[in-house]
Amino acid sequence: MQRPPRFPLIWVAIGAAALLAVPWYGLDDRLSAPALFAGVPWLWPLALPLLLSLCAVFGRPRPHLLIAASAGGLLWLVLQGLLIIHRGWTYAWLIELTGGSGPTQPAMGWGAAVYALACVLLLAYGLACRGFCKGDVFVAATLLVVVGLIALFVFYPVLCILASAVRDNEGGFAPEQFLAKLLSPSIWSLACLTGAHGCGVAWNTVAVAALVGVLTTLLGLAFALVALRTHMPMKPLLRALSILPIITPPFVIGLALILLFGRAGMITMWIGNLFDIPRSRWIYGVPGITIAQVLAFTPIAMLVLLGVLQGVAPSLEEASQTLRASRWYTFRSVTWPLIRPGLANSFLIGFIESMADFANPLVIGGNFNVLSTDIFFAVVGASHDQGRAAVLAIVLLAFTLTAFVAQRFWLGRRSYATVGGKGHAGIPAPLPGGLRIACYGVIVPWLLLTIAVYGMILIGGFVVSVGRDNTPTLEYFWTAFSIEKGVGGWFLSGSAWNSFIVTIEIALIAMPFTAALGILTAWLLDRQQFPGRRTFEFLAMMSFAIPGTVIGVAYILAFNVPPVSLTGTGTIIAISFAFRNMPVGIRAGLANLSQIDRSLDEASLTLGARSFRTLRRVLLPMLRPAVVTALVYSFVRAVTAVSAVIFLVTGRYNLATVYIVGRADVGEYGIAIVYSAMLVLFMMLVLLLIQLFVGERRIGRRVDVPPIDAPATALAPA
Amino acid sequence: MTIRAVEFRAVSKRYGAVTALETISLAIDRGTLVTLLGPSGCGKTTMLRLIAGLEQASTGQIMVEGKDVTLLSATERDVSMVFQSYALFPHMTVLENVCYGLRASGIRKSRAVELAQAKLSLVGLSGYGARLPSELSGGQQQRVAVARAIVLEPKVLLFDEPLSNLDAKLRRHVREEIHELQRSLSLTVIYVTHDQQEALAISDRIIVMSMARVAQDGTPRGLYEQPNSHFVADFIGDANIVPVVIEGRQNELASVRLGPLQLTLPHHGAVAGPAELSIRPQAVLLSRGTSGLSGRVERAAYLGSHMEYWITIAGLDKELFVIAQDVMAPLGVGDEVSLTFGRTGVALVPREHLELG
Amino acid sequence: MVSLHRIGRRLGGVGVAIGLSAVAFAHAQAQRQLVMYCSVDEKWCRAMANTYQKETGVQVDMTRMSAGETYARVRAEKENPHGDIWWGGTGDPHLQAADEGVTEAYQSPMLPKLRDWAQRQAERSHNRTVGIYLGALGFGYNTEDIKKRKMTPPACWADLIKPEYKGEVQMADPNSSGTAWTMLATMVQLMGEDKGFDYLKALHKNINEYTKAGAAPALAAGQGETLVGIAFQHDVIDVAKHNKPVAVVSPCEGTGYEIGSMSLIKGAKHLDEAKQFYDWALSVPAQSIAAPNGSYQIPSNPETPVPPEAPDLSKIKLIEYDFAKYGSSATRKRLLDKWTTEVKNAPK
């Protein structure tokens, strides 16, 4: 008889410990007894899968039994959690069936989490024994754990939104209300076309998003063309530009625009005094939202299009020229068709980003509503209509997912510019003269605007009142960031410190998880074969297209009540960061893995190293650029995120961005701007430090990806 | 029953609708060097990766040393592989690369270093341990890859086109080194290549593959002299394929008519009627007499060690390619010649419906 | 307030606990705690929380959200409340919460000592909420702009619908702001529903933006982003205190008011601390914190000195505000829907 393998034995033991020794309910406060001692009979069957697993491991291995037992354990865990919650039976038909409100139980806690993990790993082991993932337990386990986490933290919440959309505010099933809300003229009205009323919020959103998509693409193209096809020294400038959108909290640009172009803005006042033009509020609404979003998202389009333009082999253009085509004809007949899919891609990214943007419309939208802000006010506004919020969220999700699917499937097959890193000889054709002048004409004013906006962000918080009273002052700075000496020593008395520190704390905690999740997923996608790999990839990348406001509402709906209750904790904020920013890690990981020859990991495997050792010893050392990218981006994006967390923050876990939006919302621009400037500077510092740190530790002779490309791969979803 | 080093039992491999291997059954003896030979896409690399455990068979069973490894992962199989790209870990030194497998199997460091050093000196690289792979030449990298594979003393050693990244001269040299190593250590080696010369030079046995199947399996000499198909005849060495008619069969032999010549050859399963004859260029003997087929020299080339001729024959719409050793008194273009055939190098192959590569 | 020492510990903890983040959140708090939802100005909220923490040693976790947001939060969390006390913010959402039973009844020993409007607020809600301050509605105008354009300063509600104010008046959206709801309800009570809506429709032509937050129009008037901003008078005074050229107006026709309230959240995890805070918040020292922090409402404890900047109640014509009617969900929903369709979505 063979000695039973160690892996399943260990996890059966851990599963048993979870039932016998770990508090089953509660995560931090009010911990309960372990499952088997909690006096809850419906938890007892959970011991059975563990016993069956033992039988399946001892003696002749019986992977079928192991699979059935562990899957059964998971199923029972989920079922009892969904059916029995804190107020009894979840579903009305169960109440009717049993004639009572039923048994109750609080939200699951550590015990349940550990037990679920044990079951998942046993299931992975059983499947691996049957040849799943080429019989590799580590791969199977990683895959199941990642899939489980995505299911729990992306799909379950989205399902909760769908479910709540068909309920009324009291929780009853009301499909006719759903239809009424879905078809409401406030969403779909086209009255603005006839001029009488405003249009529905869905059309507003689509119109702005399309406008922003077109404008960012054109501007991005102008930048990319000038950078690659003229002699203008653009490299350092482009690098700076490519970093800006990452470290800038999303609403800051809107704020700066108000201070510049608002009715009492600096430039408005100046021009008003000069020409005696009546000051107007033109910036509030579509113009403001569009300008702010174009400022924010153009650098992303630029990075995408730089990549696309670099992918056009110069030899093609040279060939065209040797065939007696003029420069303009070459551009029109060769270059343009080749970059067209890239343009569509850039348009869709701008479209999705604009749709998902929450903070700029909130700050500068005036009376113009878009879906993301409407969702917010449906929840927190005086009408308190969660059903409407859910319906709006579904509409928004439908738009972004459509764009996302279009981008992945339609464009995925049409990209001509996928030359696999092979160098092409030749010099890119210079731009035709007219086009070059047009590009300069667009870029120069835009750069001036960008400089004005960021200048305003940096100095706006240090004057009494921008435009009206430009006396320098530190008042706002001290209000936010003062340090005082009290009885117990120095302490941070400024109003911003608490949120600042909590933000960094949570961003730091989310950082390793985001990176690990992203890199592991990339590794699974690039290096492993398993059934449903395409679907898995699509689902993993999909969270890019779920707007933050939707995730925020979804998390409240899903995690406020048992079976999983996390609201009010810092954990849920960290989790929302991890899953929202995961695609960044996946992108970085995939880009890096594709440069590492597959035979390296195969060599390691045939040398007797398990896949875990292979990953740790062979791949991870070479994946370091991707790991660093993923860590940096997850940190920075966590610090600047606002849309999802605005629903999740609490007193103890108040975040910097939410604090700033709150200040800006009541018009306290001084503090908002000074705090934003501090955040921008802080993040610049972080990026610089990491650049220094990583710069010193380059490994081997591998050619690093030029830094300008890194954000492109990290941000571009396709 | 003797235990075979590797055995395939009705193994097939499919990727979706594409079949990479179609029901292969074969066995490989211990201590032999077997080559998998075929054009790209024939399934030879898939077969190698199935043995290594880098792919999993869709159906069938794979045995290594009598043990069923079909469901085992690559890690769990006692098989090592030398990759076409060598796959040396770029961030580890040569010594760390060679120690890697030993450390992964839990051997303590000092012992692992000792074993690794021994193997490095076996491949003539002692003293190179501290270098990074990128600091070695192609041939040296190749030898590190071999040392890294054999240090684990695997039951089976696999080579995936190991010479394709080397220049022509080095290739012959390294080829002989591998052959030498295999013989002195009595290793079971399975070697994938698409270069038929390489295969002929080192193999105990060659398995020719085509279109996901085994086309022919045998010794280098057997394959060269007695190809059993148009494909094999054409793929290994040069061959003139000439249409003929089988007039009768007797036991293993068939009588074939080619112009005025009557030949008696093993029939390899070909039935009476139209068939094809594979004629090696060396098997054609040229003379100025009239005893055999009469032909005419169309072109001639002098290659130093031998002559090459292209000869037309009346009634045959194809030129015959002929190699002659006599460089002292070569034939000239336009000369009338008489053709006869040597005892080896002429084989009957069944007529194929499809013209293959 | 966060001490440097604590930050050092926390950040150090981050380094260690990165792999065990969940545990990092789970560290048990032996200290007494109070989770406070605060719906007034940030500065006042912070001062209240800090002072209470200083005086009692109870650690206060304060979240500032508008009254509407807080109400939504309390409702959403009713199955599993995280907050203990909801302090401040206009009275209507407090009454609604009381109506829905998501807040807890509590009769403070301080109750009889309060001004009668504060006590009436408690009666209305069956002691589920109590008044802590009174703020009258009004508007502010930008004095510099008025001077520059040589206009007479507005004094009455009726002035605001004059054509010269076209695009110059700002108010909050009653759908999201309690302040604006008070304004809507005031007009309906002052003029009757039909006339009130006629007024609002006329006003709509002059409105440049319906802001989200109630205090925003006051600030906008101060900053010159709008000529007139409709808001609570104490919000306008706060802006004026910050050297902004804005003057407060108490409309001649009379005006409505809000009763800033406080409620205990049902199912509070720190009920004792919450009750202790409740009593303290009605005391003179607690209510005196308002004025130094830029909030000039009328405090509910009559012994609290009324700040000199506060609008003089004797000069304000307060209407008989029917909190029971205009605090009820049904009336609210009906009027808001009517306002949204007939006023907000109307062409200008």
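Read the figures in this text as sums done on the coordinates, not as results from a lab. Since the structure is predicted, the reported quantities are computational estimates derived from the model, not experimental observations. For neighbour counting, all protein chains shown are included, and Cβ atoms are generated from backbone atoms with ideal geometry for every residue, glycine included.
Details
- Taking each DSSP H run with n ≥ 4 as -39500 (n - 2.57) and averaging over every residue of chain B yields -7000 deg cm²/dmol at 222 nm.
- Charge tally in the Cβ shell below 14 Å around C:Pro311, where Lys, Arg are +1 and Asp, Glu are -1, C:Pro311 excluded: -2
- Cα-based helix-to-principal-axis angle, A:336-356 vs chain A, degrees rounded to 10: 70 degrees
- Cα-based helix-to-principal-axis angle, C:193-204 vs chain C, degrees rounded to 10: 90 degrees
- Panel values: chain C, Kirkwood radius from alpha carbon pairs, Stokes-Einstein at 37 °C and 0.692 mPa s, translational diffusion coefficient 155 µm²/s.
- Along the range A:175-181 the Karplus relation, 6.51 cos²θ - 1.76 cosθ + 1.60 evaluated at θ = phi - 60°, assigns HN-Hα couplings of x, 5, 5, 4, 5, 4, 5 Hz to successive residues, with x for each Gly and Pro.
- Of C:Glu258, C:Glu168, C:Glu144, the one that fluctuates the most in a GNM where chain C has Cα springs shorter than 10 Å: C:Glu144
- Remark: the range A:514-520, residue by residue, has Karplus-estimated 3J(HN,Hα) of 4, 5, 4, 4, x, 5, 4 Hz, where x stands for each Gly or Pro and the curve is 6.51 cos²θ - 1.76 cosθ + 1.60 at θ = phi - 60°.
- Under-5 Å amide H pairs with C:Ala231, H placed in peptide plane, nonlocal only: C:Gly138, C:Phe139, C:Gly140
- Sorted by Cβ neighbour density within 10 Å, fewest at the top, the residues A:Thr298, B:Thr290, C:Thr304: B:Thr290, C:Thr304, A:Thr298
- With the alpha-carbon atoms of the range A:200-475 aligned to their principal axes, the span from lowest to highest coordinate is 65, 49, 32 Å, starting with the largest.
- With R₀ set to 25 Å, the beta-carbon distance separating B:Ser137 from B:Ser105 gives a calculated FRET efficiency near 0.25.
- Per chain A, cysteines lacking a partner by the 4.7 Å Cβ criterion: A:Cys55, A:Cys119, A:Cys129, A:Cys133, A:Cys160, A:Cys439
- Cα-Cα separations in the protein assembly as shown greater than 54 Å, expressed as whole percent: 40 percent
- Each Lys and Arg adds +1 at its Cβ and each Asp and Glu adds -1 at its Cβ; summed about the Cα centre, the range A:465-564 shows a dipole of about 340 debye.
- In nm, spacing of pseudo-spin labels at A:Thr230 and B:Ala329 (7 Å Cα→C-beta vector): 8.2 nm
- Local electrostatic count at B:Pro281 - Lys and Arg +1, Asp and Glu -1, tallied over other residues with Cβ under 12 Å: -2
- Partners for B:Lys13 among aspartates and glutamates (Cα-Cα distance below 16 Å; same-chain residues under 8 apart left out): B:Glu22, B:Glu55
- Likely footprinting exposure, C:Glu342, C:Glu55, fewest C-beta neighbours within 10 Å first: C:Glu55, C:Glu342
- Helix-only arithmetic for chain A: the sum of -39500 (n - 2.57) across DSSP H runs with n ≥ 4, divided by the residue total, places the mean residue ellipticity at 222 nm at -20500 deg cm²/dmol.
- Choice from B:Leu331, B:Leu122, B:Leu303 showing the highest fluctuation, given a GNM over chain B with Cα pairs closer than 10 Å: B:Leu303
- Under a 5 Å amide H cut-off, with hydrogens placed 1.01 Å from N, B:Val337 pairs with B:Gly295, B:Arg296, B:Val297 among residues at least 5 apart or on other chains.
- Point-to-point label distance, B:Ala201-B:His173, nm (Cα→Cβ direction, 7 Å offset): 1.2 nm
- Cα-Cα separations in chain A greater than 46 Å, expressed as whole percent: 26 percent
- Förster radius 56 Å - calculated FRET efficiency between B:Arg257 and A:Arg598 (Cβ-Cβ, nearest 0.05): 0.55
- Near B:Leu33, the amide H atoms lying under 5 Å from its own belong to B:Val189, B:Asp204, B:Arg205; only residues 5 or more places off or on other chains count, and H is placed 1.01 Å from N.
- Among C:Gly178, C:Gly224, C:Gly260: highest mean-square fluctuation, GNM of chain C, C-alpha pairs under 10 Å: C:Gly224
- Pairs exceeding a 29 Å alpha-carbon distance, out of C:Lys113/C:Lys266; C:Lys166/C:Lys212; C:Lys162/C:Lys317; C:Lys43/C:Lys166; A:Lys134/B:Lys44; C:Lys113/C:Lys244: C:Lys43/C:Lys166; C:Lys113/C:Lys244.
- Residue order, fewest to most beta carbons within 10 Å, for A:Cys129, C:Cys252: C:Cys252, A:Cys129
- Table column - 3J(HN,Hα) (Hz), the range C:129-145, Karplus curve with 6.51, -1.76, 1.60, x for Gly and Pro: 8, 8, x, 10, 7, 10, x, 8, 7, x, 8, x, 10, 7, 5, 5, 5
- All-pairs Cα distance distribution in the range B:232-349, expressed in whole percent, bin size 5 Å: 2, 12, 21, 24, 19, 12, 6, 3, 1
- Efficiency of FRET from Cβ geometry, A:Ile95 and C:Gln53, R₀ 60 Å, rounded to 0.05: 0.85
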